[in-house]
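What follows is one structure encoded as structure tokens, with my remarks underneath.
Just so it is clear, none of the values below were taken in a lab; they were calculated from the coordinates. Everything numeric in this text was worked out from a predicted model, so none of it was measured. Heads up, the Cβs are rebuilt from the backbone with ideal geometry, glycines too, and the neighbour counts pull from every protein chain shown.
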Amino acid sequence: MSVNDLFVIVISYAFGCLVTGYYLVRWRKRADIRHLGSGSAGARNVGRILGKWGFWITLTGDLLRGILAIAVGRWLGASQTASVLSLPAVTAGHIFPVQLRFQGGKGIAVSLGALLVLDYHVAATCALIFAVLFLCSRRYMLNGMLSILLMPVVGAAFKRPVILPLSLTLLAGLILWAHRNNIMDLIRREKISIPIKKLKEKIK
């Protein structure tokens with residue numbers, strides 16, 4: 001890997017560090033979004049604090065940072081390997097921004113923007129999988145995590161170079177780690193709901 005490729009990956013991480021929701025809420029409310037609402041710097045939590053306009057600006061900003069990370073890398077003449085590795089790099093920057101003491105957002109929108117430019121076939125397929133699963137069960141968090149876990153499988157199914165499924169595996173790991181508390185809450189709710197369902201069945 002050349003010096004230029006390493007520079008592109010570092011630039012991608014730097015794009016990720018510019019956490020839209022954090023700076024938007026800091027500007028408008030003089031507050032740290034990570035200490036408000038759900039504690040996330042994502043669009044949904046910003047929307048709770050600033051309203052719909054905050055949600056859309058944050059979502060757009062996050063998507064654009066992912067898009068720019070890949071687009072700028074290509075403009076700088078990055079190799080295919082560097083372009084693919086820029087995907088987890090920009091997501092890592094969003095989740096672990098160095099200037100915010102490595103406490104950022106959860107990486108969904110940023111990674112989606114980057115993946116749309118890197119390989120829109122894979123991005124569209126993963127979005128379709130999520131949509132189908134969501135229509136079947138209406139469970140946002142569970143279906144989202146399942147879709148993320150399936151990203152490397154989708155990349156392999158399209159017979160892309162092995163670096164892409166590997167990069168998607170790293171990406172999935174980053175996002176799942178960022179959502180670890182949500183996943184634990186989901187597991188706890190499932191454990192609680194099963195005995196309740198059995199009790200209702202006995203009462204019937």
Helix 80-95 vs. the chain, principal-axis angle (Cα, 0 to 90°, nearest 10): 50 degrees
Approximate spin-label separation residue 100-residue 75, in nm, with each point projected 7 Å along Cα-to-Cβ: 2.4 nm
Crossing angle, helix 180-203 versus the chain [Cα axis fit, 0-90 degrees, rounded to tens]: 20 degrees
All-pairs Cα distance distribution in the chain, expressed in whole percent, bin size 5 Å: 1, 8, 14, 18, 19, 15, 10, 7, 4, 2, 1, 1, 0, 0
Cβ crowding within 10 Å averaged over residues, with 132-139, 143-150 ranked highest first: 143-150, 132-139
0 to 90° range, to nearest 10: angle between helix 108-118 axis and the chain longest Cα axis: 40 degrees
Lysine pairs with alpha-carbon atoms under 25 Å apart, the chain, spacing 8 or more or separate chains: 7
Mean separation of Cα contacts under 8 Å, 6 or more apart, over the residue count of the chain: relative contact order %: 20 percent
Extension gain, residue 135 back to residue 28 (0.36 nm per residue minus Cα-Cα distance, nm): 34.9 nm
Nearest-20 debye value, the chain charge dipole, Cβ charges on Lys, Arg, Asp, Glu: 1160 debye
